[in-house]
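Below: the structure, in structure tokens.
The values are calculated or read from the model by the stated rules, or taken from the named source; none is laboratory data. Predicted, not measured: the structure shown is a model, and the values here were computed from it. Here the Cβ positions follow ideal geometry from the backbone for every residue, glycine too, while neighbour counts run over all protein chains shown. To get the accessible areas, we keep the full protein, side chains included, count just its heavy atoms, and leave off ligands, DNA and RNA. Shrake-Rupley method; radii C 1.70, N 1.55, O 1.52, S 1.80 Å.
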Amino acid sequence: MAQVLEFKLPDLGEGLTEAEIVRWLVEVGDVVAIDQPVVEVETAKAMVEVPCPYGGVVTARFGEEGTELPVGAPLLTVAVGATESSPSLGTAADQAGPRASRNGGAVADGSAAGAGQDAGSGSSSGSGSGNVLVGYGTGAPAARRRRIRPQPNALNGTPAAASVSASGSTAPGPVVAGPLTGSASATAGRVAGAAPVTALDGEVDGREGPVAVVSPLVRRLARQHEIDLRRLTGSGPDGLILRADVDAAIRLAGEAAEAESRSAEAPAQRVVPERTAAGEPDAERVPLRGVRGAVADKLSRSRTEIPDATCWVDADATELMAVRAAMNAATGPSAGPKVSVLALLARICTAALARYPELNSTVDTAAREIVRLPGVHLGFAAQTERGLVVPVVRDAHTRNAESIGAEIARLTELARTGKLSPAQLTGGTFTLNNYGVFGVDGSTPIINHPEAAMLGVGRIMPRPWVYQGELAVRQVVQLSLTFDHRVCDGGTAGGFLRYVADCVEQPAVLLRTL
């Protein structure tokens, strides 16, 4: 006896509450194995392939590519647990969508059940893998997908139509084509044994299908701005209310309040909306979501919460470049990978943080405490096609320059291909930002919240410099340190920056302090 189970968008970890569907990896009617990736989604931190914990036949998908779904929203339904002797073998194929009805066929001789079990369902009980799907699932190898090819009914050559009741049994009924909607969606949820999902303020939504709003973040945002969610029409699947809907309502409420205020100030005058550049009909509007939205939120929070200050210094990097050239000149089997300037600067930063641990900390605002962190997890800014990301080199304080360089190269390649995991993009304690690659000399970096400092590095270029009492052409770089003034004063920040500059100018200083 087949059972239809609903698979919902799992908790992807790191406080993420929503994800955008980038690409479906399966179609309605495909046979999937337990823990096989079924959809590729983009969160605010990374691209993630989401595995399904059930093995069987995909009967419905929820959401087109480009749709943003909150955690807990339905992703797809899977028919599992059919047996070869079951009289209702057409159920999975009938629910497989338009293809089954177009071909005019039904599944015979238990092909759906057999395919599902061969692909890895393992039993007829409908149980999944049992693994917690947080982040990336279980890491089990994906099985080859097989598609059900319906065959004509031996009696009349027409599709064998069936539907699933609330108890999980099958009975004759209409063919379900495509994603389950309305009462069909609710029925699938009951078959899966799912408890009623609470909607607004803990009440059960009176409508059939998905609830009006799922994300706690959306409900909290609405409460903060006194937005009545019952008056909103959601733009998500089946009327699901998304954050974008609440943001739009907040903007409309603000515009209405502003218009009312103007009317009160000049009741005899007609209120004419102010024409701005953003109001031009040809103005392009780019949604702040995904990586761009996450960057915007983090930078805004940094500027709002952290009282930052910046100090900078020019340093003669001629000796550092000479040391790098000497390190990379080695050839032969014993020669290691080439060391980058960024790797050398990263190693200098870890040594400087050991001398000035105040900058390797964070502020617990609730407890009003400075939390000094025992290890250095060094983030570095990387520009990709998806936007700015900050991969993190774990335990950088235990690595030498070659090890740090190899890890930076590995994480940079993952960033370029969009395969960084959320864990590789979070947990940093200090960030190094090499904006010199863009051909600029200096900047005032914004701290990567909730860290306490960021070191910015400009381009290294020949400049006139007084060296040993004479004017000479040297390789000069500008170093900028932005720091949280709550964790230390200017003396500590200046000491840190001066130590970094001394190591750049005289790399032997680093050797003396190791």
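Tell me, yes or no, whether the range 23-36 has at least one residue that is open to solvent by 10 Å² or more (accessible area, probe 1.4 Å) and among the polar types (S, T, N, Q).
No.
Against the conditions (1) open to solvent by 40 Å² or more (accessible area, probe 1.4 Å); (2) under 20 Å from Leu288 (Cβ atoms), where does Arg61 fall short? Just the number, please.
Result: Arg61 fails condition (2) only.
On the given criteria, is Ile447 under 15 Å from Val487 (Cα atoms), open to solvent by less than 50 Å² (accessible area, probe 1.4 Å) and touching a residue at least 12 places away in the same chain (Cβ under 8 Å)?
In short, yes.
I'm trying to understand the selection: among the residues of the range 464-498, which are over 30 Å from Ser361 (Cβ atoms) and either without any contact (Cβ under 8 Å) to a residue 40 or more places away in the chain or under 33 Å from the mean Cα position of the chain (by Cα) (or both)? Steps first, please.
Initial filter on the range 464-498 (over 30 Å from Ser361 (Cβ atoms)): 464-476.
Matches in the range 464-498: Pro464, Val466, Gln468, Gly469, Glu470, Leu471, Ala472, Val473.
This table checks each residue for (1) within 24 Å of the chain's Cα centre (by Cα); (2) modelled with pLDDT under 85; (3) not aromatic (Phe, Trp, Tyr).
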{"site": "Leu16", "(1), (2), (3)": "yes, yes, yes"}
{"site": "Leu25", "(1), (2), (3)": "yes, no, yes"}
{"site": "Glu40", "(1), (2), (3)": "yes, no, yes"}
{"site": "Lys45", "(1), (2), (3)": "yes, yes, yes"}
{"site": "Val58", "(1), (2), (3)": "no, no, yes"}
{"site": "Glu64", "(1), (2), (3)": "yes, no, yes"}
{"site": "Pro74", "(1), (2), (3)": "yes, no, yes"}
{"site": "Gly90", "(1), (2), (3)": "no, yes, yes"}
{"site": "Ala93", "(1), (2), (3)": "no, yes, yes"}
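Among the residues of the range 413-423, which ones are in contact with a Ser or Thr (Cβ under 9 Å, 6 or more places away or on another chain) and assigned to a helix (DSSP H, G or I)?
Once the filter is applied, which keeps residues that are in contact with a Ser or Thr (Cβ under 9 Å, 6 or more places away or on another chain) and assigned to a helix (DSSP H, G or I), the range 413-423 yields Leu414, Ala415, Arg416, Pro422.
Can you give me the number of residues within the range 249-293 that are in contact with a helix residue (DSSP H, G or I) (Cβ under 9 Å, 6 or more places away or on another chain) and either within 30 Å of Ile21 (Cβ to Cβ) or modelled with pLDDT of 85 or more (or both)?
Qualifying residue count for the region: 8.
Being touching a residue at least 60 places away in the same chain (Cβ under 8 Å), open to solvent by 10 Å² or more (accessible area, probe 1.4 Å) and of a type outside the set (A, V, I, L, M, F, W, C): is that true of Arg459 here? Break it down into steps so the answer makes sense when it comes.
Working: touching a residue at least 60 places away in the same chain (Cβ under 8 Å): no; open to solvent by 10 Å² or more (accessible area, probe 1.4 Å): yes; of a type outside the set (A, V, I, L, M, F, W, C): yes.
No: the conditions fail for Arg459.
Tally up the residues in the range 356-391 that are charged (D, E, K, R) and surrounded by 18 or more Cβ atoms within 10 Å (Cβ to Cβ), please.
So in the range 356-391, the residues charged (D, E, K, R) come out as 358, 364, 368-369, 372, 385-386.
Then drop every residue that is not surrounded by 18 or more Cβ atoms within 10 Å (Cβ to Cβ), which leaves 358.
Qualifying residue count, the range 356-391: 1.
How many residues are open to solvent by 70 Å² or more (accessible area, probe 1.4 Å) and either modelled with pLDDT of 80 or more or not in a helix (DSSP H, G or I) (or both) when one looks only at the range 229-239?
3
Residue check: is Leu353 more than 22 Å from Thr444 (Cα to Cα), open to solvent by less than 50 Å² (accessible area, probe 1.4 Å) and not polar (S, T, N, Q)?
So Leu353 does not fit the description; no.
Is it true that some residue in the range 308-318 is among the hydroxyl-bearing types (Ser, Thr, Tyr) and more than 23 Å from Asp441 (Cα to Cα)?
The answer is no; no qualifying residue exists.
Take the residues in the range 465-505 that are modelled with pLDDT of 95 or more and among the polar types (S, T, N, Q), then tell me which one is most open to solvent (accessible area, probe 1.4 Å).
So, considering only residues that are modelled with pLDDT of 95 or more and among the polar types (S, T, N, Q), the one most open to solvent (accessible area, probe 1.4 Å) is Gln475.
Out of the range 309-338, which residues are at pLDDT 90 or above and assigned to a loop (DSSP other than H, G, I, E, B)?
Selection gives Ala317 alone.
Specify which of the listed residues (Arg410, Arg394) is free of Cβ contacts under 8 Å to residues at least 12 places away in the same chain, under 21 Å from the mean Cα position of the chain (by Cα) and either open to solvent by 70 Å² or more (accessible area, probe 1.4 Å) or under 25 Å from Cys311 (Cβ atoms) (or both).
Only one candidate passes the filter, namely Arg410.
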